[in-house]
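Participant: The structure is given below, and queries will be raised subsequently.
The values are calculated or read from the model by the stated rules, or taken from the named source; none is laboratory data. On a predicted model such as this, the values are computed, not experimentally measured, just so you know. Quick reminder, even Gly has a Cβ in these numbers, built from the backbone with ideal geometry, and neighbours come from all protein chains shown. For the accessible areas, the whole protein counts, side chains as well, though only heavy atoms, and no ligand, DNA or RNA atoms are used. Shrake-Rupley method; radii C 1.70, N 1.55, O 1.52, S 1.80 Å.
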Amino acid sequence: EEPGYHPRFLLVSLTSLHLGPGEQAIISPRCKRPMTRSLVSAVLLIIAIAAFNFINLATARAARRILEIGIRKTMGASRLDIAVQFLCEALMCALLAGAIALALVEWLLPPLRAALDADLSFSYWSAPTLAAILLLFVVAVALAAASYPALLLSALRPAHAVKRPGALRLRQVLVVLQFAVLTALLTGVGVIY
């Protein structure tokens, strides 16, 4: 030991090791809070675009399903039965999309790791908590995005006109909002690049 040298020990939480400022971020200097927040914001915007797109497509398909809804209601199906059917259909689509997304992550992770020169890993198979969180997230997004179309489709009366002005206006607002979010996202990516 050198004279006058006094070792210093710090207690640091594990979450601060990778995202903390200054000395705490020595272990992983590339990963900083602003970058993490930016990436999380981008992911949330992409999920919002997908949810808006799903709502638009589901409500646009309402006109094609009026006959099916009318037959089911004539056979004694309640509004709840029809809403549950559409929620289950949306959940199955979301689970399939989640499986495809996981496959794409597995496929694109090595090139991304090489491009960023970083040790990135996504081991959801060895971490059951992460797999459960991913599954719950997919289910929550699916149910949130499908709730309005399910309620709209279950409330349709086949005897009425096919077009519903309220649903049409909402679809138009969602399309404009979807393109605005997409434009903002692409602008942000262009600025970062």
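Participant: Open to solvent by 50 Å² or more (accessible area, probe 1.4 Å) and basic (Lys, Arg): does that describe residue 65?
Facilitator: Answer is no for this residue.
Participant: From the list 130, 182, 136, which one is modelled with pLDDT of 80 or more, open to solvent by 70 Å² or more (accessible area, probe 1.4 Å), in a helix (DSSP H, G or I) and out of contact with any Asp or Glu (no Cβ under 7 Å at 6 or more places or on another chain)?
Facilitator: Within the list 130, 182, 136, the selection yields 136.
Participant: Tell me, which helices (runs of 4 or more DSSP H) wholly within the range 1-78 include 2 or more residues that are modelled with pLDDT of 70 or more?
Facilitator: 33-60, 66-74
Participant: Now for a separate question. Would you be able to say whether some residue in the range 92-99 is touching a residue at least 60 places away in the same chain (Cβ under 8 Å) and in a helix (DSSP H, G or I)?
Facilitator: Checked the range 92-99: no residue is touching a residue at least 60 places away in the same chain (Cβ under 8 Å) and in a helix (DSSP H, G or I).
The rows are residues; the columns are (1) of a type in the set (Gly, Ala, Ser); (2) under 25 Å from residue 51 (Cβ atoms).
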{"site": "97", "(1), (2)": "yes, yes"}
{"site": "101", "(1), (2)": "yes, yes"}
{"site": "104", "(1), (2)": "no, yes"}
{"site": "107", "(1), (2)": "no, yes"}
{"site": "111", "(1), (2)": "no, no"}
{"site": "116", "(1), (2)": "no, no"}
{"site": "126", "(1), (2)": "yes, no"}
{"site": "131", "(1), (2)": "yes, yes"}
{"site": "135", "(1), (2)": "no, yes"}
